[in-house]
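The structure appears below as structure tokens.
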Amino acid sequence: MKDPTSELSWEDLRVVKAISEHTGLSGAATSLGVNHSTVARRLAAIEEVLGVSLFDRRRTGYQPTGAGVEIISLSERVEQEIFSVARRVAVNAQRHTGELRIATSDALLHDFLTPIIADFQRSNPEIRVEVIVGNSPLNLSRGESDIAFRATLAPPENLFGRKLARVAWAVYGRRDDYPGLQPRLEELYERKWVTYGASLEGLLGFKFVEERVPTKNIVYRADSVLGVAAAVCAGTGIGFLPCMHGDLVPSLVRISAVQPEVYDELWILTHPDIRKSGRVCAFMTHCAEASSKRRSFIEGREV
């Protein structure tokens, strides 16, 4: 025998529940946003399907019958289940899941990005992160990575992203070698220098050194910020570093002011096809907020 309650919808249950809560049709109609006659017709149709009366119509209002009590109880259980499922779905949507591949340089990963990723994963424990380290451009359209976090003055035009800050640069030397006042830049040009290799010739710091420092004074080159910083720490020479890296190395000290003509822009980039992906959008937003809090450090205003 077919269960008559199988003919009921959630909207039918809402009508019965509203009539019970407001002990009448008028109050139920107001709460449901419909008119009195609509509620009356719906109740009549429900009672016809079930073959029973759900309410006694009295002067004091609509009072549920035994069958009505059961349907009202059913409506309350269904409502609670709907709310429970909605809450679970909302929580899962906020957490995000899946893999996230991030391309960045060694220095940005070491100094800046690792704690940002760790904080993001604490809020989204089902996100698995893979980091691709290097300075060469990656083809995001081929899926080599989802997000690129770069210090660059020329972000690819085919990518979507936002500039997070302007990266300040200065000349650094070993703290033990420069305990006093900063020498004049003209004096520094006569010291031994560590600088960047040809693969990073697009850096303004590379051009600055090439144009001002005699070739005989350039004694060491490296193709990464970490490589140059390590050589300066070892006493090989002095060199240009982004302040957001040099200021974090205890054995180094700025020996020049921030040079306004030497800078980078910090960008977070993704491919337009995946910019609205939940995990990509969430990480980019998280990264932008974290970068905003450290803008003065990135821009060399904190020493």
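We did not get these values from a lab; they are worked out from the coordinates using the rules stated. It should be emphasised that the depicted structure is a prediction, and the values quoted were computed from it without experimental measurement. We place every Cβ from the backbone using ideal geometry, glycine too, and count neighbours over all the protein chains shown.
Local charge sum around VAL219 (other residues, Cβ-Cβ under 11 Å, Lys/Arg +1, Asp/Glu -1)?
Numbers: positive: ARG191, LYS192, LYS216, ARG221; negative: none.
Once all neighbours under 11 Å are counted, the net charge is +4.
Averaging sequence separations of C-alpha pairs under 8 Å and six or more residues apart, then dividing by the length of the chain, give the relative contact order as a whole percent. If you can, show how the numbers build up before the last one.
Numbers: 464 pairs, mean separation 60.2, N = 303.
After rounding, I find 20 percent.
Could you tell me what percent of the DSSP beta bridges with both partners in the chain are antiparallel, to the nearest 5?
60
Got a sec? How would SER291, SER9 order by Cβ neighbour count within 10 Å, fewest to most?
On the way: SER291 21, SER9 9.
In order of increasing Cβ crowding within 10 Å: SER9, SER291.
Taking only Cα atoms and a 10 Å spring cutoff, compute GNM fluctuations for the chain and point out the largest among ARG41, ARG59, ARG212.
Looking only at ARG41, ARG59, ARG212, the largest GNM fluctuation is found for ARG59.
In whole angstrom, note down how far apart the Cα centers of region 190-251 and region 117-134 are.
First find each Cα centre; the distance between them is then 31 Å.
Per DSSP helix of 4 or more residues, -39500 (n - 2.57); summed, then divided by the residues of the chain. What does that give at 222 nm, rounded to the nearest 500? Before the final figure, lay out the partial values.
Values: 11 runs with 122 residues, N = 303.
Helices in the chain give a 222 nm mean residue ellipticity of -12000 deg cm²/dmol.
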